[in-house]
Each structure stands twice: as C-alpha cells, then as structure tokens.
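These notes are about the structure you will find just below.
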Amino acid sequence: MTVSIPSPLTSDIDWWRSAVVYQVYVRSFADSDGDGVGDLQGIRERLPYLRELGVDALWLTPFYTSPMVDGGYDVADYRDVDPMFGNLADFEAMITDAHALGLRIIVDIVPNHTSDKHPWFTAALAAAPGSPERARYLFADGKGDDGAQPPNDWESIFGGPAWTRVPDGQWYLHLFDPAQPDLNWRHSEVRREFEDILRFWLDRGVDGFRIDVAHGMIKAAGLPDVGFNSMTTGRRQSELLGKGRLPYFDQDEVHDIYRAWRPILDSYPGGRMAVAEAWAETPQRLARYIGPDELHQAFSFDFLDATWSADSFRKVIDTALAESTIVGAPTTWVLSNHDRQRHVTRYGDGEVGLRRARAAALLMLALPGCAYLYQGEELGLPEVLDLPDELRQDPAFLRTGESRDGCRVPIPWSGDLAPYGFGPAGSALSWLPAPTTWRALSVAAQTGTPGSTLELYRAALRIRHTHPALAGLGGITWLETGPGVLAFQREAAGTVLTCVVNISDAPVVIDGYGTPLVASSTLTERDCGHLLPVDAAVWFERHPNG
Ligand code: GLC
C-alpha cells in the first residue's frame, strides 16, 4: 500500500532559502531501544527538543537497510529502514510528528554507489562478464597480459586502488570502499530506479534530499587514467580538486540526471528541495548544480575550511555571497558535519576552541542564506580525539589511518554516567564511548544555564527567526573596523542588526551599534560603548529612525 503523506507545511515553498537545518547523524542522536545505536523512534522522542532549539528542518543521514560498512552510506535496500534504526512505520510516525511540530525532513540519498550486498550487485557477481547484471555497475577488464592490473590508475577516496578484482578476472570500480560499488549512471535502468526511489520517499512526505557525492555519478567515457597519484597530498575530495578536473568527478553529463530529478521534486506540493554534496574545481562549476531546472542548493564547504582569521572569513563570505547572487540561490553555511573534525577542535580545542566556535556560530547565523548545524555543535562538543583504535569504524581508518569516528560519538542528553541519556534509562550501551567530560555538556546540564552554548544557540535561533533583519534574505553591508575585526549589518523594517566578531588579539571597544541582543562571551559596559573580548561575537540592534 502506498502511503501518501503530504507535507502540511505548504505555506512557503521557498522555506529552504533561509532555513536552519539540523543534521541528525542517526546512529548517534538518540537510542530508544537500548541497543547502543540511535534510531528513528529516538529521533521522534527528541523532536520537541529540536523544535525548542529553533531549527526549521532535519537532515537525516542514511537509515536504510545497510551492512554499515560506511555508516549507512552503503545501501542494500533504498526503500526500507535498517532494523537497527526501526522500520517504515517508525519513519512514518516520526515524519508525521515532525510535520505536526513544523519541522521539515530532508533525507540522504546515496546514488553514486550501492552496498555490495545490494541485490543488483550480488546478481552482478553471480553473472558473467558482459551480462546485463554487470552493466548496471562499472565492471571492466584489467590491463596487462592476464588482466591482472586494474583497468586504470584511479584511487579510492578511502585509500588504495579504486578497483577490486572478482574471481572471474574482471574488476569493478568503487570510488570509496570495495563494499560500495559504483553504479553505471549511463544505464537507463539505474536512472529509472533512482527516480522511483525519489518518488517513494516523496510519497512518504519528505521535504527534501541531501544528495551524496552528487558530482561523482558520471565517469568520463573510456575511463581514462588520472595520470598522477591523486592521493599524495590529501584524501579529501576538496584536496583532490586543486589538481584539475578528475575523470570521475563533475562531468558535464551529471547535470542531465538533475534535470530529470527536478520535475519530480516540483510535481509534489510544499516546496520539496535537494541539496548537493558536490565538489567542483571552481565556484563557477559548482554553481552549475544550482538553478530552477537542477538542484536548489549545493553545500559550500569554504566557510568550514576558513581559518580562524578575519581575512579568511571575509574572503569566503564575500565569494559565497557573490556566487549566490549569480545563481539566484542562497548560500549554504556549514561549520561541521559527520565527515569533518568538529569546529571546536579545529579552532584550537579546549577553552579557546569553544570560545571561537561560539563566536563562529553567531557569525554564521547572522548571514543570509541557509545554515546547516551538525548535531552536538549546539552543545559545544569537541572532537573525541582519543578513541581506541579497535573501536573506530570508519572504513577509511584501516586504509589511511584517518578516521571520522571522533565527530560521530553519540551526543549527551542527561545524567552523570556515560552515555549520558543517549539510550533509555539505565542503558549503558553506546556504539562509541562518550568521554567523561561530556557530563557537563549534556542537554540537561546546559538547559537553563546562563551562558551555556545550548542557551546561546537557542537565543540566536530565536532572534534569527523573529528579527526582521535576519529572518529575510537581505544582504549584508560591511562596516569599517580595525584589523582582525569583522562587522557587518543587515537592515529591514527600520531596524538594523549589526554582527561584530573580534578575531584580533586584543579586546575592542564597540560603540554606536545600539543594544546588544546576544553575545558569545561576556560583554563589559564602558562609558563609551561595550568591550568585546578576543574570539567573541555579538549582535546589536538599533532603530535609526525610531
Ligand atoms: C559522502 C558522505 C560520507 C561517505 C561518502 C561515501 O562524502 O558524506 O560520509 O563516506 O560520501 O558515500
């Protein structure tokens, strides 16, 4: 039976333009059944928390049937929920409750590759070279007399060759883990299948999709060599791009796929959207993913990559806003996600890192466009750097020594003992252990605590939603400042909101911007204004004609 649940949130189809989206890493958010793994029912139970936090939408990382080799980014059945996360009825109950609370739901779609346990891939392995079953993936003969060399020099983003040989001698391509075989997106059946998968979830009321590796689905014809060792200076997709266009990323034909997807999204009511996790060599090429006939947004990771300096932030913000004007779509701002070290730690860890992370949050939330928060950043969580190696599950860890597990530790909710309310009362299980220092960072410990990071986020989100200068899409005007200080204003309905961030090495006196609304560190009043400490941000409000 098809259950069609129209989104009740039909009032503003452009909701995504200025939304605050909260990324739920499902495995690590809330565990309702005590097995140590987060689940859909856990999310459902915590929806009131998210409503109160003040976000507009949730992006859920993959919860589909999966052997979990890559945390669910290896999907064996795109139309079902993995039992570890619940079932379809749980999903439907969760989305119904979310919509009732005014929260939209974005789900992850993983089209570049399936799991090696997907029925298509097991059929491909059982079938002969040249068979229709193999045609849905990228199988090829090897090089050398006996075909013992991979078909080309491509390397996996998780390290090692991007090809694995099967017993009959052919090789298959996997840009990621060998358990994630790449699909052949030149095959019409693959395209039809994913169009149907989109409809399956749209019929269940989802408000959007986050498209995994959206730039990777089409590979250059003939699968040409890259011609150099692409992994020598770094394994991140961003680092690969500086070396020129790779034959497996950002090929022009990939846009045909999105031009076919957009009418599907547009055929549903309520403003269904898609955001691409896409990497391209230049901002201009990234912009090509966005537009009325393709996708609504592409993540811009430049803000995340900015260093802690006023110049770096200013440059990234100016570039992003200029691009968004060109494409007519709002910028996306991201500080952390499930693939990158948490920004508290990136900015120096400890007290310094936290102070800077709080300031960065006020900077991000004052900018026009859509902000993506990663679960736990509202608690000021740092990266967990000392996980024992044997507990690390990131498939990249074994191949490269780099692990993304430290940002995926289950978040703390309450109580004195790990895992701090992640599971039901009395449950001591969590798939990764939380450090003892997280007791003081739990939701319960921070709720109502003046100056806590959680209360800072709540206050900032409340203002962002209600303040005319922030709620809209109006641009920013930079103000003259001393070195190391960023200040810009946004104006609407006779009110000016000014955001000031002090990234210099001394406190600065600020005068003339009106009344402080929220600050990331304590402001001191002076005869002539306010003293803003180092590594801190503040929002002021004034009414020039009032
Ligand atoms: C994306 C995901 C990452 C995953 C990879 C392969 O980059 O964000 O977590 O490992 O795709 O699916």
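Values computed for the structure shown
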quantity	calculated
Table column - 3J(HN,Hα) (Hz), the stretch 477-483, Karplus curve with 6.51, -1.76, 1.60, x for Gly and Pro	10, 6, 10, 5, 9, x, x
For q = 0.09, 0.13, 0.16 Å⁻¹, Debye-computed log10 I/I(0) when each Cα of the stretch 280-432 counts as one equal scatterer	-0.37, -0.72, -0.98
Calculated from backbone phi, Karplus (6.51, -1.76, 1.60) coupling profile of the stretch 48-57 in Hz, x at Gly/Pro	x, 4, 6, 4, 5, 4, x, 8, 9, 8
Computed over the stretch 411-546, the ratio Rg/Rh where both radii use C-alpha atoms and Rh is Kirkwood	1.11
Other-chain or far-sequence residues with amide H under 5 Å of residue 24's (modelled H)	59, 60, 61
Estimated D of the stretch 133-172 in µm² per second, where Rh is the Kirkwood radius over Cα pairs and Stokes-Einstein applies at 4 °C, 1.567 mPa s	124
Sum of side-chain charges, residue 337 neighbourhood, beta-carbon under 11 Å (Lys, Arg +1; Asp, Glu -1)	+2
Dipole of the chain, positive direction: furthest Cα of 530, 447, 211, with charges on the beta-carbon	530
Residue-normalised accessible area of the chain, given per residue in Å² at a 1.4 Å probe	37
Amide hydrogen neighbours beyond the local backbone of residue 274, cut-off 5 Å, H modeled	209, 296, 297
The stretch 345-354 - phi-based ³J(HN,Hα) in whole Hz, Karplus 6.51/-1.76/1.60, Gly and Pro as x	6, 4, 8, x, 6, x, 4, 4, x, 5
Charge dipole (debye, nearest 20) of the chain; +1 at Cβ of Lys and Arg, -1 at Cβ of Asp and Glu	880
Unit charges on C-beta of K, R, D, E only; dipole of the stretch 137-214, Debye	220
Alpha carbon convex hull of the stretch 80-219, volume per residue in cubic angstrom	124
Convex hull projection area averaged over all views, the stretch 240-326, Cα basis, nm²	6.7
Per principal axis, descending, Cα span of the stretch 336-420 in whole Å	41, 34, 23
nm² value of the averaged projected area, convex hull over the Cα atoms of the chain	25.4
Alpha carbon centroid spacing (whole Å) that separates the stretch 120-177 from the stretch 401-423	37
Per-residue [θ]222 nm for the chain (sum of -39500 (n - 2.57) over DSSP H runs n ≥ 4, rounded to 500)	-8000 deg cm²/dmol
Estimated dipole of the stretch 13-57 in Debye, rounded to 20 [Cβ of Lys and Arg +1, of Asp and Glu -1, Cα centre]	180
5 angstrom amide H check on residue 80, placed H, neighbours 5+ away	65
DSSP bridge pairs, the chain: antiparallel proportion in percent, nearest 5	60
Apportionment of accessible area to carbon and sulfur, the chain, percent (1.4 Å)	52
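The values are calculated or read from the model by the stated rules, or taken from the named source; none is laboratory data. Remember, it's a predicted structure, so these values are computed and weren't measured experimentally. FYI the Cβ positions are ideal-geometry reconstructions off the backbone, even for glycines, and counts take in every protein chain you see. Heavy atoms of the whole protein, side chains included, go into the accessibility calculation; ligands, DNA and RNA do not. Shrake-Rupley method; radii C 1.70, N 1.55, O 1.52, S 1.80 Å.
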